[in-house]
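Heads up, the thing below is written out as structure tokens.
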Amino acid sequence: MKTLHPIMFAGTGSDVGKSVIVTAFCRIFFQDGYHPAPFKAQNMSLNSFATVDGFEIGRAQAVQAEAAGILCHTDMNPLLLKPTCDQSSQVILNGKPIGNQTAREYFRKEGRDVLRKEVNNAFDRLEKQYNPIVLEGAGSVSEINLRELDLVNLPMAIHAKADVILIADIDRGGVFAGIYGSIMLMTDEERKHTKGILINKFRGDITLFTSGVQILEDLCKIPVIGVIPYYKDIYIEEEDSLMLQTKNLQAVHGKINIVVVLLRHLSNFTDFHVLERDPRVHLYYTNDAKEIRQADIILIPGSKSTISDLYELRRNDIAQSIITAYEQGATVMGICGGYQMMGEEVCDPNQIEGSIECLPGLRLLPIATEIQSEKITRQIDFTFLNSKEVCHGYEIHMGSTIPINNIEYFPLNTLIDGTKDGFYLNHKCFGTYIHGILDNNAFIDFLLEPYTEKLIDKPFDYKVYKEEQYNKLADHIRKYVNMNLIYEILNKD
């Protein structure tokens, strides 16, 4: 196949659909016989994923790699920022944490060249292996106050010699000002790389925007490569935990009600994406004590600040609601930080997370956790309880959990190397460090088994479902984007 130029999808702002568009083009290039790979120099997200070789990247790039038909690698997201509070983030460089920094510390000129060299080198390595590289920008493409510090948008495109497509979300309004203003704020060099405009999330009769396309092309002197209608029947994992605001918030009748406890620092919410699509289940997210007590199954998710979130659960009566629901017959399962919270106590003697050194847990499991500085990051294969089916997941955590009071240890999972994970008290009370455990059909069936009297629908195959969604997304984009023009741009000398 002929080598194509790299292509970057940048945006007029945040949440215009960049991640999903990159996912779509990764699948389109894959379908067309190319060997594409995604790349985002810098990502900010609590939603992360462990690579095969035990490093950490943004979950969005793992999804995009899956759409491209390849394994994910840290070179696809060399710099990941995981917020720990409103003004501070853990910095992950090339898959490993290098410390916490405030926004002021991170956006300093000092040391910026080092980070720029790292992300540029990651792109260069990736480009030697894949064709084309599909780059994703971050936030607005024209944050001119941060231009000298920008690692992910147009400076990255210039280094990559990428053709830039500017995405705007017309559903928000202001699309003309957003596009024209973004382009006018670019330098001449940046404008040379910007080759097209993509209108996203259009609602209504698309023919009514024909004149709008002409106006934009006349103003900006570059083509509009497509106007993509808003869709509701294609499901791709969201990158941003802000999307939790659009999820279900209450229990319903007639299905297995599963609640995810809405923690302030909730991380890896994609652990539960499979349950949103499973027709047997009604999944909802809440921190309302009454709604938690209505659930058949309570899932306590991972957290970037376990002790802080545990403190809030105890303070606002959520902890007691979980305990009461379990006593009345509900299942309680914890994943990662949620597993730690289910124990007798969570201690942080070195104050890695904050000033609280020890806090009582929910005391549903006879375990104790100590927060540690070393982060465990790895993909794993495992079996659970007496099941012989090999499952797959990944670990990302900073802590060690052990049984207390010499109690007999009943692990939930056994890793292929013989290592034990989690704790199984009974069929309605257990926890694990393994993210992605719910992506395994056998484990989902085990989780739902106590509520089989409610089940009508057949078991759900999540892997097949995801492939169907990637293909549906690609079909949708092909229908409304001028792919001939895209290939013309990417082939032009």
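Within segment 436-471, the set of residues being over 20 Å from the mean Cα position of the chain (by Cα) and either open to solvent by 80 Å² or more (accessible area, probe 1.4 Å) or without any contact (Cβ under 8 Å) to a residue 60 or more places away in the chain (or both) comprises Asn441, Ala442, Phe443, Asp445, Glu449, Thr452, Glu453, Ile456, Lys458, Pro459, Asp461. All of Gly337, Gly418, Gly431 fail the test of being on the phi > 0 side of the Ramachandran plot and either touching a helix residue (DSSP H, G or I) at 6+ places or on another chain (Cβ under 9 Å) or open to solvent by 10 Å² or more (accessible area, probe 1.4 Å) (or both), apart from Gly418.
When we screen Ile197, Ile179, Ile170 for residues that are buried (at least 21 other Cβ atoms within 10 Å of the Cβ), among the β-branched types (Val, Ile, Thr), under 30 Å from Val213 (Cα atoms) and touching a residue at least 60 places away in the same chain (Cβ under 8 Å), the only hit is Ile179. Residues in segment 209-234 that are free of Cβ contacts under 8 Å to residues at least 40 places away in the same chain, of a type in the set (A, V, I, L, M) and under 25 Å from Lys472 (Cα atoms): Val224 alone. Taking Cys391 as the residue in question, decide whether it is under 21 Å from the mean Cα position of the chain (by Cα) and crowded, with 17+ Cβ neighbours inside 10 Å. So Cys391 passes the test. In the set (1) in contact with a Leu (Cβ under 7 Å, 6 or more places away or on another chain); (2) open to solvent by 60 Å² or more (accessible area, probe 1.4 Å); (3) not aliphatic (A, V, I, L, M), Phe384 fails one condition alone, (2).
Among the residues of segment 122-135, those that are in contact (Cβ under 8 Å) with a residue 40 or more places away in the chain and either loosely packed, with under 15 Cβ neighbours inside 10 Å or out of contact with any strand residue (DSSP E or B) (no Cβ under 7 Å at 6 or more places or on another chain) (or both) comprise Ala122, Arg125, Gln129. Mind listing whichever residues of segment 71-111 are hydrophobic (A, V, I, L, M, F, W, C) and without any contact (Cβ under 8 Å) to a residue 24 or more places away in the chain? Of everything in segment 71-111, those that are hydrophobic (A, V, I, L, M, F, W, C) and without any contact (Cβ under 8 Å) to a residue 24 or more places away in the chain turn out to be Leu71, Cys72, Val91, Ile98, Ala103. Here the condition is being surrounded by 14 or more Cβ atoms within 10 Å (Cβ to Cβ) and modelled with pLDDT of 95 or more; of Leu249, Leu216, Leu263, it holds for Leu216 alone. Among the residues of segment 303-345, those that are part of a strand (DSSP E or B), modelled with pLDDT of 95 or more and within 23 Å of Gly436 (Cα to Cα) comprise Thr331, Val332, Met333, Gly334, Ile335.
The values are calculated or read from the model by the stated rules, or taken from the named source; none is laboratory data. Just so you know, these numbers come straight off a predicted model, no measurement behind them. Every residue, glycine among them, receives a Cβ derived from its backbone with ideal geometry; neighbour counts consider all protein chains shown. These area figures cover heavy atoms from the full protein model, side chains too; ligands, DNA and RNA do not enter into them. Shrake-Rupley method; radii C 1.70, N 1.55, O 1.52, S 1.80 Å.
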